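The values are calculated or read from the model by the stated rules, or taken from the named source; none is laboratory data. These numbers were taken from a predicted model, which means no experiment stands behind them. Cβ atoms come from the backbone with ideal geometry, glycine included; neighbour counts cover every protein chain shown. Protein only, heavy atoms only, side chains kept; ligands, DNA and RNA dropped before computing areas. Shrake-Rupley method; radii C 1.70, N 1.55, O 1.52, S 1.80 Å.
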Amino acid sequence: KGTDKDKAGAKILLEQAAAQNHPGAFYNLGVLAIEGDGLTKDFVTAAGLFRKAADLGDLDALYSLGLLLREGQGVEKNPAEAAALLLKAAQEKHVNSMVEIGVMLFNGIGVQKDETAAANWFLKAAVGGNPIAQNRVARLYASGRGVTQDKVEASFWHVIARARGLPDEWLDGVLNGLTAEEKIKVQADVERYLGT
């Protein structure tokens, strides 16, 4: 922004910053390694750079390394370590990590399955504005998994997620099944939440 795009020049500057142990530089060099030249992606190099940045406390690097470990991209697959890194970042209020640790807890990937703990992380991420988490929370409230079933609360989060570009036909059905009074409550809650 504000200049011509120059990945090679950016890489040189990031390498200079990384030489001074700047965590964001290591992270961004990792991103460049994954972006590659448009043909090849270097996940091995990216994982190493993300680990350096994570060791220096970079939350985006914790998140990215966690995803690579979960999927086994560039590193040996290790769902337990992935969960530990994502949990660490989530505890530091990294919203995307909250979503991913929620997924892992809900499905029992790398951790013991715990739908209640998953719902708590999804709710924190939903409040943090993440539309995927808002959709997950809506589905959990609609089905009563990890939380007490509440179709009004489900519809509230569904409307918020839908407004942020994440439609869901199944949740449309839940919303359409509400009474007129319940729909008015959902609308009032949405307006209060959005400040309209």
Quick one: Cα centre-to-centre distance for segment 94-133 and segment 179-195, in angstrom? 25 Å
From Cα pairs below 8 angstrom and at least 6 apart in sequence, can you work out the relative contact order of the chain, rounded to a whole percent? 10 percent
May I ask for log10 I(q)/I(0) of the chain at q = 0.10 Å⁻¹, from a Debye sum over the Cα atoms as equal point scatterers with solvent left out? -0.53
Distance between the C-alpha centers of segment 1-79 and segment 153-178? Whole Å please. 36 Å
Checking A125, A19, A33 against a Gaussian network model of the chain (alpha-carbon springs below 10 Å), the top fluctuating residue turns out to be A19
Can you sort L86, L166, L194 by solvent-accessible area, 1.4 Å probe, largest first? L194, L166, L86
Gaussian network model of the chain, Cα springs within a sub-10 Å range: biggest mean-square fluctuation belongs to which of T116, T148, T45? T148
Points 7 angstrom from Cα along the Cβ direction at Q16 and A188: gap in nanometres? 6.0 nm
Magnitude of the Cβ-charge dipole of segment 3-59, K/R +1 and D/E -1, about the Cα centre, nearest 20 debye? 80 debye
Starting from the Kirkwood Rh over alpha-carbon pairs, what translational D in µm² s⁻¹ does segment 142-187 have by Stokes-Einstein at 4 °C and 1.567 mPa s? 122 µm²/s
Only Lys, Arg (+1) and Asp, Glu (-1) charged, at Cβ; the chain dipole about Cα centre in debye: 120 debye
What's the whole-number percent of alpha carbon pairs in segment 10-58 lying beyond 15 angstrom? 37 percent
Extension gain (nm, one decimal) between T3 and D168, 0.36 nm per residue minus Cα-Cα: 55.4 nm
Quick one: grab Rg to one decimal and Dmax as a whole number for segment 113-165, Cα atoms only, in Å. 9.9, 31
Above 17 Å lies some portion of the pair distances; for segment 30-105, what is it as a whole percent of all C-alpha pairs? 39 percent
Area projected by the alpha carbon convex hull of segment 57-164, averaged over all directions, nm²: 6.4 nm²
For the pairs K7/K93; K5/K52; K151/K185, note any where the Cα-Cα span goes beyond 21 Å. K7/K93; K5/K52
Residue-normalised 222 nm signal for the chain, counting each DSSP H run of n ≥ 4 as -39,500 (n - 2.57), nearest 500 deg cm²/dmol, is -22500 deg cm²/dmol
